[in-house]
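Student: Below are the structure tokens for one structure; questions will follow.
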Amino acid sequence: MAAAAAIYPPLNQRPLKNTIVLFDVDDTLTIPRLPVTPEMLQILSELRHKCAIGYVGGSDLVKQQEQLGTSEVNVTSLFDFCFPENGLSGFRLGEKLPSTSFIGWLGEEKYKSLVKWLLHYIADLDIPIKRGTFVEFRNGMINVSPIGRNASTAERNAFTAYDAEHGIRPKMVAALQKAFPDFGLTYSIGGQISFDVFPTGWDKTYCLNHVEAEKNRPDGVEYTTIHFFGDKAYEGGNDWEIYSDDRTIGHKVKNPEDTYKQIKELFF
């Protein structure tokens, strides 16, 4: 990892020294659950020679490794900053940053009552198909999927269309908000088949804490220009908070091809 990072100028010697560009993952850098294209990796590498780059996604590092890295290349070597789980865990130049625990914050009893409610709701949900892994526990959140995260790509696409027509996820989120009004949780719809549940304030803006802390390091950089690219940049979408944050310059994209095009137009 260190060898890969060494081919790039140090963070405080990039031509656009005070600029960092952050990216969502699904439908921004890659098609959900599919590997990133060589063309995207190439332009990200070229951009990294100009300024700092990073990604922030709701999934854990294992899934991001599958999409952005390879069996030979660690994803943490491809970006200056990697922020799995909205930055509740993170990596800087391949080195792990301090992490934060969702279950430690919520407590075991509240967590159990939440999961019990979710499983009952999904069991009673009448949708065309169900697969498996309906509630996935992560370090900084839980991910909830009415169809199940084991669904195939074709099944995911079918559910996306079904959800757009019937509002399965928005209705489930509304029911959760009513059932647990005092838990201090935020529910954020993202990707094709699921939504994230995390403490309020632990959305993708959480990663900005790590970005802002850079100025306190020896030879650190104060990032005064923070670009963010994401596709779910609408209220209720899991990119909205960081996209609309006063600290960032938000760029809404349609898909990875659009991301590639906007990078070209803005930086080259």
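The values are calculated or read from the model by the stated rules, or taken from the named source; none is laboratory data. Fair warning: this is a prediction, and the values are worked out from it, not measured in the lab. Cβ: placed from backbone, ideal geometry, glycine included. Neighbour counts: every protein chain shown.
Student: Going by the structure shown, is Thr200 out of contact with any His (no Cβ under 7 Å at 6 or more places or on another chain), touching a residue at least 24 places away in the same chain (Cβ under 8 Å) and of a type in the set (S, T, N, Q)? Give the derivation first.
Tutor: Details: out of contact with any His (no Cβ under 7 Å at 6 or more places or on another chain): yes; touching a residue at least 24 places away in the same chain (Cβ under 8 Å): no; of a type in the set (S, T, N, Q): yes.
Spelling it out, it is not the case that Thr200 is out of contact with any His (no Cβ under 7 Å at 6 or more places or on another chain), touching a residue at least 24 places away in the same chain (Cβ under 8 Å) and of a type in the set (S, T, N, Q).
Student: Within the range 160-207, how many residues are closer than 21 Å to Asp27 by Cα and either under 15 Å from the mean Cα position of the chain (by Cα) or not assigned by TED's automatic domain parsing to the domain that holds Leu119 (or both)?
Tutor: Initial filter on the range 160-207 (closer than 21 Å to Asp27 by Cα): 160-165, 167-170, 187-197, 203-207.
Restricting the remaining residues to those that are either under 15 Å from the mean Cα position of the chain (by Cα) or not assigned by TED's automatic domain parsing to the domain that holds Leu119 (or both) gives 187-197, 203-207.
Total meeting the criteria: 16.
Student: Among the residues of the range 185-192, is there at least one that is farther than 29 Å from Gln262 by Cβ and touching a strand residue (DSSP E or B) at 6+ places or on another chain (Cβ under 7 Å)? Don't jump to the end; show me each part of the working.
Tutor: So in the range 185-192, the residues farther than 29 Å from Gln262 by Cβ come out as 185.
After this cut, where a residue has to be touching a strand residue (DSSP E or B) at 6+ places or on another chain (Cβ under 7 Å) as well, the list is 185.
Checking the range 185-192: at least one residue is farther than 29 Å from Gln262 by Cβ and touching a strand residue (DSSP E or B) at 6+ places or on another chain (Cβ under 7 Å).
Student: While we're looking at this one, here's another question. Just the residues that are small (Gly, Ala, Ser), farther than 23 Å from Leu88 by Cα and modelled with pLDDT under 95, please, taken from the range 19-76. Can you show your working first?
Tutor: Within the range 19-76, the subset small (Gly, Ala, Ser) is 45, 52, 54, 57-59, 69, 71.
When the remaining residues are screened for being farther than 23 Å from Leu88 by Cα, the result is 45, 71.
Answer for the range 19-76, where residues must be small (Gly, Ala, Ser), farther than 23 Å from Leu88 by Cα and modelled with pLDDT under 95: just Ser71.
Student: Next question. Kindly state which strands (runs of 3 or more DSSP E) lie completely within the range 157-268 and contain at least 1 residues that are among the charged types (D, E, K, R) and crowded, with 19+ Cβ neighbours inside 10 Å.
Tutor: 194-199
Student: List the pairs whose first member sits in the range 6-23 and is at negative phi, whose second member is among the basic types (Lys, Arg), and whose Cβ atoms are under 6 Å apart, counting only residues at least 6 apart or on separate chains?
Tutor: Tyr8/Arg48; Pro15/Lys50; Leu16/Lys50
Quick grid of which residues meet (1) modelled with pLDDT of 95 or more; (2) over 30 Å from Lys112 (Cα atoms); (3) among the aliphatic types (A, V, I, L, M):
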site: Ala175; (1), (2), (3): yes, no, yes
site: Gly190; (1), (2), (3): no, no, no
site: Gly220; (1), (2), (3): no, yes, no
site: Tyr223; (1), (2), (3): yes, yes, no
site: Asp231; (1), (2), (3): yes, yes, no
site: Asn238; (1), (2), (3): no, no, no
site: Lys254; (1), (2), (3): yes, yes, no
site: Gln262; (1), (2), (3): yes, yes, no
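Student: Since Ile122 meets every condition but one in (1) in a loop (DSSP other than H, G, I, E, B); (2) at pLDDT 95 or above, which condition does it not meet?
Tutor: Among (1) in a loop (DSSP other than H, G, I, E, B); (2) at pLDDT 95 or above, Ile122 violates only (1).
Student: How many of the residues making up the range 10-32 are within 22 Å of Asn86 (Cβ to Cβ), in a loop (DSSP other than H, G, I, E, B) and polar (S, T, N, Q)?
Tutor: 1
Student: Also, I was wondering about something else. Quick check, is Ile129 part of a loop (DSSP other than H, G, I, E, B), at pLDDT 95 or above and either surrounded by fewer than 20 Cβ atoms within 10 Å (Cβ to Cβ) or among the aliphatic types (A, V, I, L, M) (or both)? Let's see the steps before the verdict.
Tutor: Working: part of a loop (DSSP other than H, G, I, E, B): yes; at pLDDT 95 or above: no; either surrounded by fewer than 20 Cβ atoms within 10 Å (Cβ to Cβ) or among the aliphatic types (A, V, I, L, M) (or both): yes.
Judged against the criteria, Ile129 is not a match.
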